[in-house]
Amino acid sequence: MFELPSDRRLISVADGAREALATRNGFAVVGAAGSGPVLLARALLAHGASHVLYVAPHHEGALRAAEDLRALATLAVPGVAPVAGEPPPLLLTTSETSPYADVHPDRRLAMQRAAALFTIARGLPWRAAVATPGSLLRRAAPPAALVRAGLELVTDAELDLERTAQLLTAAGYLRTPVVEDPGGFAIRGGVVDVW
């Protein structure tokens, strides 16, 4: 039979969330495996946390955690009620390649990270963010620069094509004749194609 050390105890996910939110001295969770950490993050949100930062050990774990958080937002789990209109979790991972490697970093990851940082800097709604230790150490543009680089597109509004092209280029998009890759854009006549 397994015995817990005297300084540890078993508690439910809901009780763990309530206790973590009630303490100011920190709250350590040991031995949570499988979906346990994601369930705890979801319970924290359901029990009143305004924001949760989930740090996954590696990129694949971050992707899984983001998908699990997205799915759990709509499911009723014992002790954790679903939240209507919950924004999807932000993904703050980065390419885990070395800047000196012959492999180019994944542009989709860079775009997801930029979108997440913009969401936070602009004060747009979000509740959960998923990161890796490496992505937390990575330098980022100042919030004001991210906000200035934003472009709001509204249905049936006129668009200044030259200004749009300048903003997209300044934000790191590549102007091409045909859009085939993430981070590319093309302007043909009055049509703007952005990936």
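The values are calculated or read from the model by the stated rules, or taken from the named source; none is laboratory data. Note that this is a predicted model, so its numbers are computed, not measured. Note that each Cβ is placed from the backbone with ideal geometry, even for glycine, and that neighbours are counted across all protein chains shown. Keep in mind that these areas ignore ligands, DNA and RNA; they rest on the heavy atoms of the full protein, side chains included. Shrake-Rupley method; radii C 1.70, N 1.55, O 1.52, S 1.80 Å.
Name every residue in the range 160-174 that is touching a strand residue (DSSP E or B) at 6+ places or on another chain (Cβ under 9 Å) and surrounded by 13 or more Cβ atoms within 10 Å (Cβ to Cβ), in order of residue number.
Once the filter is applied, which keeps residues that are touching a strand residue (DSSP E or B) at 6+ places or on another chain (Cβ under 9 Å) and surrounded by 13 or more Cβ atoms within 10 Å (Cβ to Cβ), the range 160-174 yields Leu161, Thr164, Ala165, Leu168, Tyr173, Leu174.
For the range 19-27, does any single residue satisfy the condition of being at pLDDT 80 or above and closer than 24 Å to Pro133 by Cα?
Within the range 19-27, the first condition is being at pLDDT 80 or above, and the residues that meet it are 19-23.
Cutting the leftovers down to closer than 24 Å to Pro133 by Cα gives us 20-21.
So far as the range 19-27 goes, yes, one or more of its residues are at pLDDT 80 or above and closer than 24 Å to Pro133 by Cα.
Which pairs do you get when a residue that is among the charged types (D, E, K, R), found in the range 64-77, comes within reach of a residue that is in a helix (DSSP H, G or I) and open to solvent by less than 100 Å² (accessible area, probe 1.4 Å), reach meaning Cβ atoms under 8 angstrom, with the pair 6+ apart or on two chains?
Partner pairs satisfying both residue conditions: Asp68/Val38.
Tally the residues that are open to solvent by 70 Å² or more (accessible area, probe 1.4 Å) and either under 16 Å from Ala115 (Cα atoms) or touching a helix residue (DSSP H, G or I) at 6+ places or on another chain (Cβ under 9 Å) (or both), restricting the search to the range 175-189.
Residues flagged as open to solvent by 70 Å² or more (accessible area, probe 1.4 Å) and either under 16 Å from Ala115 (Cα atoms) or touching a helix residue (DSSP H, G or I) at 6+ places or on another chain (Cβ under 9 Å) (or both) within the range 175-189 amount to 2.
Given the structure, is Val103 surrounded by 20 or more Cβ atoms within 10 Å (Cβ to Cβ), over 19 Å from the mean Cα position of the chain (by Cα) and at pLDDT below 75?
No.
Can you find even one residue in the range 79-86 that is over 18 Å from Tyr173 (Cβ atoms), modelled with pLDDT under 90, surrounded by 14 or more Cβ atoms within 10 Å (Cβ to Cβ) and in contact with a strand residue (DSSP E or B) (Cβ under 9 Å, 6 or more places away or on another chain)?
Yes.
With the requirement that a residue be of a type outside the set (S, T, N, Q) and more than 27 Å from the chain's Cα centre (by Cα), what does the range 164-191 give you?
Within the range 164-191, Pro177, Val178, Ala186, Ile187, Arg188, Gly189, Gly190, Val191 meet the criteria.
Can you name the strands (runs of 3 or more DSSP E) wholly within the range 116-195 that have at least 3 residues being at pLDDT 90 or above? Step through it out loud before you land on a result.
Working: elements: 128-131, 184-188, 191-194.
The strands (runs of 3 or more DSSP E) meeting that bar are 128-131, 184-188.
When the residues of the range 22-42 are filtered to those that are touching a helix residue (DSSP H, G or I) at 6+ places or on another chain (Cβ under 7 Å) and assigned to a helix (DSSP H, G or I), which remaining residue is nearest to Ala56 (Cα to Cα)?
Restricting to residues being touching a helix residue (DSSP H, G or I) at 6+ places or on another chain (Cβ under 7 Å) and assigned to a helix (DSSP H, G or I), the top hit is Val38.
Which one of the conditions (1) crowded, with 16+ Cβ neighbours inside 10 Å; (2) under 22 Å from Arg64 (Cβ atoms); (3) in contact with an Asp or Glu (Cβ under 9 Å, 6 or more places away or on another chain) does Arg113 fail to meet, given that it meets all the rest?
(3) is the only condition that Arg113 fails.
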